[in-house]
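Remarks on the structure that follows.
The values are calculated or read from the model by the stated rules, or taken from the named source; none is laboratory data. All values reported here derive from a predicted model rather than from experimental measurement. Glycine also receives a Cβ, built like all others from the backbone with ideal geometry; neighbour counts cover every protein chain displayed.
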Amino acid sequence: MAAAIEVQAGNLKRPLVVLIAEDEILIRWALADELRGFGWDIIEVATADDAIEVLQTAIEVDLVVADVNMPGRANGFDLAAFVIRERPWVKVVIMSGHARPQDRSERLFDIFVAKPFDERELGEQLRSLLVGNTGAD
């Protein structure tokens, strides 16, 4: 198991918190399981609307991983735009089996992941993304 990455917030340390917004439950479970292996706290939701609700609370989130196409009013790009507007320090990863990174002209995400993907490889990409940007050891 990899060493846990923690965020230094003043004198307190806490595990990284990842919000996964994915309507395909098997993909969401597999990715959540992989990321828990890093010692991270995972919040799972099935829609971008639910993810936005989580982000409107006081819950600290370090990374949002979102599918593009999900049921509800908002999609993954809408969620990414919300994160940039309301929590610009939070990293965003967009996943899709249909959309391409060039489908959006504005810079809404840190990493684009084409589906299908290998959960272990994606976990390592996310770990690399967060290690240099959190104040982690």
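Out of the residues in the stretch 89-137 meeting the condition of being under 13 Å from the mean Cα position of the chain (by Cα) and assigned to a loop (DSSP other than H, G, I, E, B), tell me which one is modelled with the lowest pLDDT.
The residue in question is 108.
Return yes when residue 131 is touching a residue at least 60 places away in the same chain (Cβ under 8 Å), more than 16 Å from residue 20 (Cα to Cα) and not basic (Lys, Arg) and no when it is not.
Against the criterion (touching a residue at least 60 places away in the same chain (Cβ under 8 Å), more than 16 Å from residue 20 (Cα to Cα) and not basic (Lys, Arg)), residue 131 qualifies.
Residue-wise test of (1) at pLDDT below 95; (2) hydrophobic (A, V, I, L, M, F, W, C).
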| residue | (1), (2) |
| --- | --- |
| 10 | yes, no |
| 22 | no, no |
| 27 | yes, yes |
| 35 | yes, yes |
| 47 | no, no |
| 62 | no, no |
